[in-house]
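Before any comments, here is the structure.
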Amino acid sequence: MMGLMGTEGGGDATRVIAGRYRLEARLGRGGMGVVWRATDQLLGRRVAVKELIQDDGLSAEEARGRRDRTLREARAVAQLSHPHIIVVHDVVEDGERPYIVMELIDGGSLADRIAAEGPLAPKEAARIAVALLGALRAAHTAGVLHRDIKPANVLLERDSERVVLTDFGIAQIAGATTLTETGSFVGSPEYTAPERMSGSYTGAESDLWSLGALLCTVLSGESPFRRDSLGGILHAVVFAEIRTPPQAAPLLPVVRGLLERDPERRLGAAEAERLLRAFLDTGRTPPPVSSGYTPTQADLPRPDASPRERSTRGVLVAALLVAAMAGAGVSAAALLVNGDGDRGRTPTSSAPKASASSTPGRPRTSGAPSPPATPSVSPTAVHGTSPASVPAASRPVTGTPSAPSGYRVADDPTGFALAVPEDFTRVPQGERVFFMSPGQVFRLGVKVSDAAPDGPLAVMERAAAKGSDTNPGYHDGQVTETTHGGRPAALWQFTWDGFSAAEGPRHTYDLCWEQGGRLYDVWVSAPVGKVREAREYFDVAVDTFVTR
């Protein structure tokens with residue numbers, strides 16, 4: 001945070017960076033760096049200096065690349081000129097470390113105010129939101145995304161009504177490399193848009209979602225997506241019913257419009273500002289004029305949706321399903337098929353199902369509250385085209401599969417074949433066959449058994465009911481009835497804590513279906529933070545799976 005909010009510790013009064021800025025006292029520390037109160041000795045003014053943290057794990061070349069990106073993006077932010085955006089005075093290097101020099105705000109953050117005084121009145125919340133919308137519109141016009149809108153990054157200047165959006169330190173210039181290394185996640189999960197969770201898209205709309213979550217926090221004192229675990233937060237953001245707090249009622253059209261999961265239907269900045277200004281003038285919030293927004297059914301497809309709209313929505317749902325598990329652990333549904341869990345085995349058979357080859361079905365859940373019904377996901381929705389460029393449901397399930405680039409066909413002696421990543425190694429474990437990545441980071445499992453009399457859905461529901469028996473910290477389990485290749489199937493997804501602290505939280509995708517009097521179970525387990533790769537491996541495995 002970049003305001004004058006009391007010092008956390010003394011600074012080194014003799015430490016001067018870039019021959020000009022004397023660091024005097026530390027104001028705060030965050031994930032991206034340390035903020036100092038300082039004096040610009042050349043101009044004789046007080047400033048705030050953000051010292052960006054270096055990652056000791058980076059090579060010299062990587063560290064230089066990160067510094068270059070940081071300086072480039074900070075300089076772009078310095079070009080922004082708006083009364084509600086922090087003023088960046090200078091961007092400098094000292095000892096190969098980047099520093100951002102900003103105006104010093106005499107006041108605390110919005111988070112501090114909520115902590116000290118509780119929720120704000122609707123009119124004050126609307127006033128702050130209007131100021132932030134103005135700041136975002138100016139930044140977005142210049143091609144700058146903030147990516148971390150939250151109460152801690154909003155400063156309230158003492159003795160004035162000025163609202164200041166700060167900490168563009170992780171902002172991304174539209175179209176440019178992000179401030180963090182490729183694949184890294186930057187931001188605060190409770191305020192991060194669903195499309196960012198999936199890694200499928202980040203744009204101006206993502207900042208607007210964050211503003212909607214911030215508004216809920218300002219009005220009620222707590223984010224609507226706060227949960228006890230990262231996996232729970234991500235599930236709430238991407239998948240669960242969005243329950244806005246009662247205190248948001250006066251601004252509900254704005255809040256619901258900003259918290260629309262489909263970015264194409266999300267309330268725009270100009271319309272949100274118009275509604276908020278109307279509330280400030282009249283005490284009432286008018287309905288939005290945006291044709292795509294239905295405040296009470298934001299998560300349901302409209303009956304009159306055009307084919308293009310339905311296609312767009314399908315892509316979004318696919319991305320959301322990928323994202324829903326992005327922060328959670330994984331465990332193997334297959335371990336529990338036929339009631340014979342993975343007790344005493346190595347930690348290789350955990351993976352919830354999220355089959356790309358699924359077709360719309362009736363959602364049924366075990367081990368977690370029922371989320372809103374959503375269409376099943378097809379691999380074409382997630383990846384553009386399935387590995388064989390043919391919808392999974394229409395492809396034959398016998399013969400020889402084709403392997404996408406980077407994969408090989410594993411023709412298993414137990415009577416099946418599928419495409420697996422080239423560096424995955426086959427590891428048989430009794431009636432299960434695993435294909436492991438180096439270090440067992442990713443675990444792809446297959447189990448073939450006799451068909452169950454009550455079908456794959458019942459098999460998976462029984463497995464989910466016993467999920468905690470073999471998967472420590474099992475949570476957010478969901479079993480969905482679907483089809484695979486026109487046959488009855490069930491998809492199980494869940495998260496868990498991993499088999500050890502060193503392994504860490506994991507997430508699992510698991511699909512089970514019947515074919516030719518046999519029960520086939522395919523799953524992929526992966527660490528939290530690597531579900532995008534896991535979902536690809538899972539989609540390819542399911543879509544290329546054939547019997548012999």
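The values are calculated or read from the model by the stated rules, or taken from the named source; none is laboratory data. Not measured: the values here are computed from a predicted model. Heads up, the Cβs are rebuilt from the backbone with ideal geometry, glycines too, and the neighbour counts pull from every protein chain shown. Quick note on the areas: whole protein, heavy atoms, side chains included, nothing else; ligands and nucleic acids left out. Shrake-Rupley method; radii C 1.70, N 1.55, O 1.52, S 1.80 Å.
Packing, as the average of other Cβ atoms within 10 Å across residues, places the peptides 218-230, 128-140 in the order 128-140, 218-230, highest first.
Taking a straight line from the alpha carbon of K447, these lysines sit under 22 Å away, with near neighbours fewer than eight places off in the same chain left out: K353, K466. Model label points for D228 and R518, set 7 angstrom from Cα along the Cα-to-Cβ axis, are 4.2 nm apart. Remark: the Cα gyration tensor places the range 436-492 in the oblate category, a/c being 1.5 or greater and a/b not exceeding b/c.
If you roll a 1.4 Å probe over the heavy atoms of the protein chains, what accessible area per residue do you get for the range 424-548, in Å²?
Numbers: 4060 Å² over 125 residues.
Accessible area per residue: 32 Å².
Note on the range 211-276: with neighbouring protein chains present and a 1.4 Å probe, carbon and sulfur make up 50 percent of its accessible heavy-atom surface.
Here the simple spin-label model places points 7 Å from the Cα toward Cβ, and for E431 and A465 these points are separated by 1.9 nm. Stretching the chain fully between R97 and V16 yields a gain of 27.8 nm (0.36 nm per residue, less the alpha carbon separation). At an R0 of 45 angstrom, the distance between the Cβ atoms of Q440 and A270 translates into a FRET efficiency of 0.35.
Rank by packing, highest mean first: peptides 531-541, 419-429, 17-27, 261-271, with packing defined as the count of other Cβ atoms within 10 Å averaged across residues. Before the final figure, lay out the partial values.
Details: 531-541: 25.5, 419-429: 15.8, 17-27: 17.9, 261-271: 19.8.
In decreasing order of mean packing, 531-541, 419-429, 17-27, 261-271 become 531-541, 261-271, 17-27, 419-429.
Ignoring ligands, DNA and RNA, what percent of the 1.4 Å accessible area of the range 38-153 is carbon and sulfur? Provide the component values of the computation, followed by the final result.
Values: 2300 of 4870 Å².
In the range 38-153, the share of accessible area belonging to carbon and sulfur is 47 percent.
Working from the pairwise distances between different alpha carbons, so that the mean of 1/r is found and then inverted, what is the range 413-548's Kirkwood radius in Å? Evaluated over the range 413-548, this radius sits at 15.2 Å. Per-residue extension of 0.36 nm, minus the Cα-Cα distance of A249 and S500, leaves a gain of 85.9 nm for this segment.
When you count, for each residue, the other Cβ atoms within 10 Å and take the mean per peptide, how do 204-216, 443-455 rank with the highest first? Walk me through the numbers on the way to the answer.
Values: 204-216: 25.0, 443-455: 18.7.
Peptide ranking by packing, descending: 204-216, 443-455.
Surface composition of the range 480-536: carbon and sulfur atoms hold 49% of the protein heavy-atom accessible area at a 1.4 Å probe.
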